[in-house]
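Undergrad: Mind looking over this structure? Questions follow.
Nothing in this text is a laboratory measurement; each read-out follows from the coordinates by a stated rule. Just so we're clear, the structure is a prediction, and the values are computed from it rather than from any experiment. Here the Cβ is made from the backbone with ideal geometry for all residues, glycine too, and neighbour counts use every protein chain on show.
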Amino acid sequence: NISGGGMLTLKDYRTFIEGPNNTYTGGTLVPGYGSGNQLYIAANSSLGPSGTVTVWNAGTDWGNSRAGLILNGDGNLTAAHRLILNSFNSYAMFKSANPVVGSIEGNGTISFGTDAIAATLRVGGNNLSTDFFGLLSDADYFSVARTGLDLGTLVKEGTGTLTLWGECWYRGGTIISNGTLCVNNWMHPSNVIVVKPNGTLDGIGSVGIVSNQGGTVRGNLYIRSLNLDSASTFAVTLGGTNVVTDFAQLHVTEGVKLNSDGGAGSTLVLTLHYAPQVGQTFKILDNASAGAVSGQFSTGRIVSATYGGRTYYFSVNTAGGDGNDIELTALPVGTVISIR
């Protein structure tokens, strides 16, 4: 076994770690020497109980060839490990069914699963907030056969924020069980995102079907279809009248349900960062589908928020804009709306 507090640094072109019970804690460095460097971890082995694992292949100090990490067991890494890929051509491959890593950051390619294994990769357990600029994929992305039997699933856990700036080609689904997943690029449209309680979906990117099951959705996302159950939250922050820069607007192309479970409807939560003027209108959801918004918010046709010690009220119109958008309009204090 490998023990001690120092860093494990690879020196050979290809290295295999096969022994169990590795206890070293100084981290691991996989440099891109020569024609490339690969570190293989056996299914029953590990890179210690914690530490930072860096796949490095940029510059003359650590080599400029492609470096890779191949993980074959669920316990190769733990929720206490940081995984850093520092170059666009570095990579990490998770080849077991239920791998875990504390956080991911940097660039490069991370894949999970094999032609015979549909993997579920758990990320975020160390509660760090990180940015990943690379490609996320399942084995099907690289497969010639494209059987669809190896579709990978990503689970975001931990209290931190994972911001994805690169493309996400995996198609087995995304589960946000805790913390925030911020999607700022493109996610495969067949990828269903499930937002659980304590989870938040945010970003400016393009995603597929969103099923909010007790969590929070916000941001300037482009969404294929949005389904909010009665335990979920649609969060909106108003800082002015300019869309995107002052307030966020969701864009949905294939339908919106505010009570997908048939209950009382989701909750609209409003936060103010300025004092709105009476009559100002804010389109918080642009519904590009042909159908109407289904259901209502549990908060009804009025929503309020406080700024500078004063409470402001807004009407909520689910048939606004061109007839099926969601708009807020600032109301005079003391306004009474009669709904028949």
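Undergrad: Hey, could you pull the Cα Rg and Dmax for the chain, both in Å?
TA: 23.2, 77
Undergrad: Treating the beta-carbon of each Lys and Arg as +1 and of each Asp and Glu as -1, no other charges, what is the dipole magnitude of the chain about its Cα centre, to the nearest 20 debye?
TA: Numbers: 17 positive and 21 negative charges, 68 e Å.
Rounded to the nearest 20 debye, it is 320 debye.
Undergrad: Then there's this: So in the chain, what percent of DSSP beta bridges are antiparallel if you round to the nearest 5?
TA: 15
Undergrad: With an 8 Å cut-off on Cα pairs and a minimum separation of 6 or more residues, tell me the relative contact order of the chain in percent. Write out the running numbers ahead of the final one.
TA: Values: 1144 pairs, mean separation 24.9, N = 340.
Across the chain, relative contact order equals 7 percent.
Undergrad: Once both labels are modelled 7 Å past Cα along the beta-carbon direction, what's the T253-N44 spacing in nm?
TA: Going by the 7 Å Cα→Cβ label model, 4.9 nm.
Undergrad: Gain in length, S294 to T329, computed as 0.36 nm per residue apart minus the alpha-carbon separation, to one decimal in nm?
TA: Gain in length upon complete extension: 10.6 nm.
Undergrad: Still on this structure, please answer the following. When the Kirkwood hydrodynamic radius is evaluated over all pairs of different C-alpha atoms of region 168-260, what value in angstrom, to one decimal, is obtained?
TA: 13.0
Undergrad: Report, to two decimal places, the Cα Rg of region 203-337 normalised by 2.2 N^0.38 Å (N = number of residues).
TA: Working: Rg = 14.0 Å, N = 135, 2.2 N^0.38 = 14.2 Å.
Here the Cα radius of gyration is 0.99 times the empirical estimate.
Undergrad: To the nearest 0.05, how large is the calculated FRET efficiency for N198 and V278 if R₀ is 41 Å and r is the Cβ-Cβ distance?
TA: The calculated FRET efficiency here is 0.65.
Undergrad: Also: Determine, for V269, V100, V207, the number of other Cβ atoms within 10 Å of each Cβ, and report the residues in order from fewest to most.
TA: V269, V100, V207
Undergrad: For the pair V243/E167, report the inter-label distance in nm, with labels modelled 7 Å from Cα in the Cβ direction.
TA: Each label point lies 7 Å from its Cα, and together they span 2.7 nm.
Undergrad: Oh, and also: Would you mind ranking I175, I104 so that the residue whose beta carbon has the fewest other beta carbons within 10 Å leads the list?
TA: Details: I175 21, I104 25.
The fewest-first ordering by Cβ neighbours comes to I175, I104.
Undergrad: Show that you can apply the helix-only estimate: for the chain, add -39,500 (n - 2.57) for every DSSP H stretch of four or more residues, divide by all residues, and state [θ] at 222 nm to the nearest 500.
TA: Helix-only estimate at 222 nm: 0 deg cm²/dmol.
Undergrad: By counting other Cβ atoms within 10 Å of each Cβ, how are H188, H273, H251 ranked from fewest to most?
TA: Lowest to highest Cβ neighbour count: H273, H251, H188.
Undergrad: Can I ask one more? Compute the signed sum of charges (Lys and Arg +1, Asp and Glu -1) over the other residues within less than 12 Å, Cβ to Cβ, of I70.
TA: Counting the neighbours of I70, the net charge comes to +2.
Undergrad: Can you tell me which lysines have their Cα less than 22 Å from the Cα of K156? Leave out same-chain residues fewer than eight positions away.
TA: Qualifying lysines at Cα under 22 Å: K95, K196.
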